[in-house]
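The values are calculated or read from the model by the stated rules, or taken from the named source; none is laboratory data. If you're wondering where the values come from, they're calculated on a predicted model, not measured in any experiment. Note that each Cβ is placed from the backbone with ideal geometry, even for glycine, and that neighbours are counted across all protein chains shown.
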Amino acid sequence: MSDGWIVTGPGPTDTIQIWSVDLALSTDRLACCDAWLSPAEAARAGRFLRAEDRDRSRVSHAALRLILAHALGVAAEALAFAPGPAGKPELAGAQAGALHFNLSHSGTRALVGVSPKAAIGVDVEALRPVPDALRIARAHFARAEAEALAALPPEEVDAAFTGLWTRKEAVVKALGAGLSLPLDHLALTLPPAPPRLVAIVGDDPEAWSLHHLEPGPGTVGTAAIRAAGATIARCALPEDWPDRHPR
């Protein structure tokens, strides 16, 4: 675990928390996760072709339920979700509007963002070669971002592109905009500079707080909060987290 992450169990919170989750679990603990999932979540996981992808979907959604359940003081399997106006999942039923949250996973790492008041988006990506990074940037990113990437030494492009991608995705996910917000409608600083929203169509970039994340070896991520000056707590679930089901 990288510096700055506190290994702890979930619980009630009045702060913005970013949770790092290791998705590699034993068979017994995978079974615990299945008991918390809704039929829709189980069916969604079952549609993945590879067993490892099915397992990671099961674990990431179980971790989301566990974290939210402890924060709200309810059973994990009792939580209900519904799509928001643009399709972003939100709490429904008795807990509707109680918390903002977001989930992202890549490889064996997941991030869960929880915010009591402000909209939040998180994104995590495994660092790997991106052969078409400059082409993708020219086609889909803001011009200044594409030019900054093209000016880097070739050996630095992949990591900078991936880090920038997580910054853009985190903002888009916080807005719940999905594909309706083109990626060239927002411009951000390029890693390794601290994350900052430079411009965004239809919004004030100064109204946002972004945080760079390194939740595990070979991964990079970003948390975006629609609130100026927002601070976060970096938390990591312990290895036995599936055994910590709230009753």
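Number of residues in segment 53-106 that are in contact with a helix residue (DSSP H, G or I) (Cβ under 8 Å, 6 or more places away or on another chain), under 18 Å from D123 (Cβ atoms) and small (G, A, S) equals 5. Close contacts from segment 124-136, counting a first residue that is in the same structural domain as G216 (by TED's automatic domain parsing) and outside any loop (DSSP other than H, G, I, E, B) and a second that is at pLDDT 95 or above and surrounded by fewer than 16 Cβ atoms within 10 Å (Cβ to Cβ), with Cβ to Cβ under 9 Å and a gap of 6+ residues or different chains, come to L134/A150.
Looking at I200, I225, just one residue is within 23 Å of S106 (Cα to Cα), hydrophobic (A, V, I, L, M, F, W, C) and modelled with pLDDT of 95 or more, and that residue is I225. Scanning segment 35-51 for residues that are exposed (fewer than 13 other Cβ atoms within 10 Å of the Cβ) and part of a loop (DSSP other than H, G, I, E, B) gives A35, R47, L49, R50. Screening the candidates A35, A51, A78 for the property of being of a type outside the set (F, W, Y), more than 24 Å from R244 (Cβ to Cβ) and at pLDDT below 95 yields one hit, A51.
Scanning segment 198-238 for residues that are among the polar types (S, T, N, Q) and out of contact with any helix residue (DSSP H, G or I) (no Cβ under 7 Å at 6 or more places or on another chain), we see that the one that is farthest from G163 (Cα to Cα) is T231.
Count of segment 35-53 residues, restricted to those that are within 30 Å of L210 (Cα to Cα) and either touching a Phe, Trp or Tyr at 6+ places or on another chain (Cβ under 7 Å) or touching a residue at least 40 places away in the same chain (Cβ under 8 Å) (or both), is 0.
With segment 164-247 as the region, which strands (runs of 3 or more DSSP E) entirely inside it contain at least 1 residues that are under 28 Å from L23 (Cα atoms) and touching a residue at least 24 places away in the same chain (Cβ under 8 Å)? In segment 164-247, the matching strands (runs of 3 or more DSSP E) lie at 209-213, 219-225, 233-236. Is it true that some residue in segment 213-222 is surrounded by fewer than 22 Cβ atoms within 10 Å (Cβ to Cβ), farther than 25 Å from A126 by Cβ and not assigned by TED's automatic domain parsing to the domain that holds E77? Within segment 213-222, none of the residues are surrounded by fewer than 22 Cβ atoms within 10 Å (Cβ to Cβ), farther than 25 Å from A126 by Cβ and not assigned by TED's automatic domain parsing to the domain that holds E77.
Here segment 18-34 is the region considered, the condition is being touching a residue at least 60 places away in the same chain (Cβ under 8 Å) and either in contact with a Cys (Cβ under 8 Å, 6 or more places away or on another chain) or not in a helix (DSSP H, G or I) (or both), and the residue that is surrounded by the fewest Cβ atoms within 10 Å (Cβ to Cβ) is A24. Out of curiosity, is A98 part of a loop (DSSP other than H, G, I, E, B) and either surrounded by fewer than 19 Cβ atoms within 10 Å (Cβ to Cβ) or at pLDDT below 95 (or both)? Spelling it out, A98 is indeed part of a loop (DSSP other than H, G, I, E, B) and either surrounded by fewer than 19 Cβ atoms within 10 Å (Cβ to Cβ) or at pLDDT below 95 (or both).
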